[in-house]
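Structure first, commentary second.
What follows is calculated from the coordinates using simple rules that are stated; it is not laboratory data. Predicted model, so just to flag it, every value in this text is computed and none were measured.
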């Protein structure tokens, strides 16, 4: 029985489809700004990669949880 993915990671399939890059790519990009605050990291994805706010926020939330 497969469990449905919940929380921010539930956005990952649509993020990969829309932006054409795997989630690992986005995690590596966030390494470049790992010392910044959450919203600064979101702004980085939005300005440097033209990512929507919701998608950027979801990736940053998972990135920060993994690196806490």
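Taking only the Cα atoms of the chain, the radius of gyration and Dmax are 11.6, 40 Å. Only helical runs count toward this figure. For the chain, summing -39,500 (n - 2.57) over DSSP H runs of n ≥ 4 and dividing by all residues gives -19000 deg cm²/dmol at 222 nm. Top mean-square fluctuation among 48, 28, 36, Gaussian network model of the chain, C-alpha springs under 10 Å? Maximum among the listed residues: 48. Residues considered: 12, 44, 25. Largest GNM mean-square fluctuation over the chain, using C-alpha springs under 10 Å, is found at 25. Between 0 and 90 degrees, the angle of helix 38-49 with respect to the longest Cα principal axis of the chain falls at about 90 degrees. Using a cutoff of 8 angstrom between alpha carbon atoms and counting only pairs six or more residues apart, the relative contact order for the chain works out to 38 percent. Under a Gaussian network description of the chain, with springs only between Cα atoms under 10 Å, the residue in 27, 51, 39 that fluctuates furthest is 39.
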